[in-house]
Each structure stands twice: as structure tokens, then as C-alpha cells.
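Student: Before anything else, here's the structure in question.
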Amino acid sequence: MKATVKQITLSPGKRVICISDIHGNLDLLLQLLDKVSYSEQDILLLLGDIFRKGKQCKETLRYVMDLSEREHVHVLRGNSDWTGEAYLSEEEKAWIEALPHIIESERYVFVHGGIGPGALEEQEAWDCMKNDAFAEKGLSFDKYVVVGHWPTVNYTHEIPCNNPIIDHERRIISIDGGAVLKVSGQLNALIIHHDALSFEAVDALPDYAVRTPQEENGGSINITWNDRFVELTEQGERVGVYRHLASGRLISLPLEVVWKDRDGNLCACGDGTDYRLPVQAGETVSFVGCFGDEILAKKKGFVGWIPK
């Protein structure tokens, strides 16, 4: 099936707010809209994966459906916006099925997963909704292509970061902060205003007051989803030494952050990093988790370890 393309005009001077991958977390969405001071003077684009995987799927879907009745709100369909859930009404299924796969404006293309070369009308609908690691496929575009779907932390191979990634050279903007899917994830809002790009983010993590200062370490690694496999080389009481199979690098990790997939492979994606956040005593960071004598924390979207 070919993609459905919706053409829109972005009024000069109006803010354009882009949010993707809400995944059924209405509380986070409302928190983010409040943080960016969203109003009907703005143009709001929701780039798909609206309602599955979270705890407020039905509520999020109904809220977005109501929003979409406003002229300044535009919604795309993502790969998780499927109609097979038992709780969906026929009205809700019809609304989902009618969503476009691509929204095009004068200078921007908005799509959940990604696009390939060629005319937008010739793109395959499923490839637009699910296009894993889109920003690593070597493509470049005449217009900025704004996408969600693939959490940006999966693109950061040294320091884990959930913030949007703006590639001006290839004109690709990735905005999925991994909300709901990642413990350290966040819901991002890309803001386009007078051709300037900025962002805001929210998460559901509690605050934590740093007790012990530390400096940032160099040469860190972030194990991403595509390169998630490791093998245990040395096991301690709480920490193991693992060989990252893709790079051959040895990395020390708390045993709790390494898990087995259904085939029995050891995986370290998500918390698989040896990055140490630069922090000062008394500084407030977001608490991700406590693992033995160390805390996994987040600071301005960056994730790393700090002393307990």
C-alpha cells in the first residue's frame, strides 16, 4: 500500500510543535504541552505511536482524537497505531485508518519512521511507519525530514542521550526520546519558530540530590539496540566485566542491567554504558535506578553513572 500524503501550510510566525511516540502516556503529554505553553496559536504535529504500550492508551487516544478536530492540529500514523486492540471502538479504528503517513509543508516533511528516495506519493506506507535506524542509512534530503520511531539514544554510541538529534547537513531531525520504552526515556517536543529549532522535554523520573561530585570520564561507550549483545568474562558480587561483541571492548556493568533475550543471548542495551556524568554535590539530577553502590542518573537528557 502506498503512503497517504497530507499537504499543509505552516503560517509564518507561528510556532510549530512536533511530538512523537507518546505511547499511551497522557500524563507526560499534558505535562509537555504545559511546559511549552501550547495554545491554539501554535501548530501542533503528533508524529505517530500515540496510544500503545503505555498505561493510558484509551485515554491518550481519545484525547488526541479530540485535539485533531482543531484546524491547527495534525496527526500521523505510526507503526504502533494499529487497530487490532480489543478495546478500540469502530469509530476509533476508522479514525486511525484515516490518518496520513506523511505530512509535507513548504520546508519540512513529517513522518513517523522515515522515507526513501523518490516521490512521497510512491513511498510504501509500512516503510514510512516503521523504518528502523533511519538516520544511519546515509540518506540526505532537500527538505528537513522530521521523524520519530527510533529512540535517539540508539544513535549515541559513546554517551547515552535522549535529546532530539538535528543533522543540518543531511536535513534529518530525530525526536523520539524513548518515553515509556526506556526507563530513562523522555517525551520530546521539537519547536520550530522563525526557522529556529529548539526543544523541551519531560519525563516521569524523580529528582535526586547528588552527594558526591565527580568529573566526566573520557572514551565512554553506549551499547545501542542494534549492537546490544555481550558476553560475561568476569563476575563479581554485584558487577560483571562484559565483552561487547560488536566492538570487542570490555565494560564493567552492574549485573542487574544485563538481561537475556528469548534466545538466551546476554544483552546490555538501555543501561549498557560506562559513562560517568559530571556532577557537583547538591546538584539535582533525575534518578533512573540504583544498582549496588552506583546510581544511574540523567542530566539534561544525558544518562550515566554517579556515586551513591
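The values are calculated or read from the model by the stated rules, or taken from the named source; none is laboratory data. Nothing here was measured: the structure is a model prediction, and the numbers come from that model. Ideal geometry is used to build each Cβ from the backbone, glycine not excepted, and the neighbour counts take in all protein chains shown.
Student: Conditions: (1) in contact with a helix residue (DSSP H, G or I) (Cβ under 9 Å, 6 or more places away or on another chain); (2) surrounded by fewer than 14 Cβ atoms within 10 Å (Cβ to Cβ); (3) touching a residue at least 12 places away in the same chain (Cβ under 8 Å). GLU237 meets all but one. Number of the miss?
Tutor: In the conditions (1) in contact with a helix residue (DSSP H, G or I) (Cβ under 9 Å, 6 or more places away or on another chain); (2) surrounded by fewer than 14 Cβ atoms within 10 Å (Cβ to Cβ); (3) touching a residue at least 12 places away in the same chain (Cβ under 8 Å), GLU237 misses (3) alone.
Student: Could I ask something else about it? Looking only at residues that are in contact with a Gly (Cβ under 6 Å, 6 or more places away or on another chain) and not hydrophobic (A, V, I, L, M, F, W, C) in segment 118-147, which one is farthest from ASP21 (Cα to Cα)?
Tutor: Filtering first and then ranking leaves ASN131.
Student: Still on this structure, please answer the following. Quick check on this structure: which one of VAL180, VAL153 is of a type in the set (A, V, I, L, M, F, W, C), assigned by TED's automatic domain parsing to the domain that holds ILE19 and buried (at least 24 other Cβ atoms within 10 Å of the Cβ)?
Tutor: Of VAL180, VAL153, the one residue that is of a type in the set (A, V, I, L, M, F, W, C), assigned by TED's automatic domain parsing to the domain that holds ILE19 and buried (at least 24 other Cβ atoms within 10 Å of the Cβ) is VAL153.
Student: Does THR273 qualify as being buried (at least 22 other Cβ atoms within 10 Å of the Cβ), under 26 Å from ALA189 (Cα atoms) and in contact (Cβ under 8 Å) with a residue 24 or more places away in the chain?
Tutor: Taking the combined requirement at face value, the residue satisfies it.
Student: Looking only at segment 192-204, which residues are among the aliphatic types (A, V, I, L, M), surrounded by fewer than 18 Cβ atoms within 10 Å (Cβ to Cβ) and assigned to a strand (DSSP E or B)?
Tutor: ALA196, LEU197
Student: Now, a different point. Looking at GLU97, is it at pLDDT 95 or above, over 30 Å from GLY270 (Cβ atoms) and out of contact with any Ser or Thr (no Cβ under 8 Å at 6 or more places or on another chain)?
Tutor: no
Student: If we scan segment 101-120, do we find a residue that is closer than 21 Å to GLY24 by Cβ, exposed (fewer than 14 other Cβ atoms within 10 Å of the Cβ) and free of Cβ contacts under 8 Å to residues at least 60 places away in the same chain?
Tutor: No, every residue in segment 101-120 fails to be closer than 21 Å to GLY24 by Cβ, exposed (fewer than 14 other Cβ atoms within 10 Å of the Cβ) and free of Cβ contacts under 8 Å to residues at least 60 places away in the same chain.
Student: Considering ALA246, ALA281, ALA268, ALA196, which residue is among the hydrophobic types (A, V, I, L, M, F, W, C) and assigned by TED's automatic domain parsing to the domain that holds ASP176?
Tutor: Unique residue meeting the criteria: ALA196.
Student: Output the residues belonging to segment 51-63 that are within 14 Å of LEU33 (Cβ to Cβ) and buried (at least 22 other Cβ atoms within 10 Å of the Cβ).
Tutor: Matches in segment 51-63: THR60 only.
Student: Here's another thing I want to ask about it. Considering only residues that are of a type in the set (D, E, K, R) and assigned to a loop (DSSP other than H, G, I, E, B), look in segment 233-278 and name the one that is nearest to the chain's Cα centre (by Cα).
Tutor: Ranking the qualifying residues of segment 233-278, first place goes to ASP271.
Student: Then there is this: Among the residues of segment 51-70, which ones are closer than 25 Å to GLU40 by Cα, out of contact with any Asp or Glu (no Cβ under 9 Å at 6 or more places or on another chain) and either not in a helix (DSSP H, G or I) or not assigned by TED's automatic domain parsing to the domain that holds SER11 (or both)?
Tutor: Correct list: SER68, GLU69.
Student: Shifting gears a bit: Could you tell me which numbered condition GLY304 fails, if it satisfies all but one of (1) surrounded by fewer than 14 Cβ atoms within 10 Å (Cβ to Cβ); (2) outside any loop (DSSP other than H, G, I, E, B)?
Tutor: (1)
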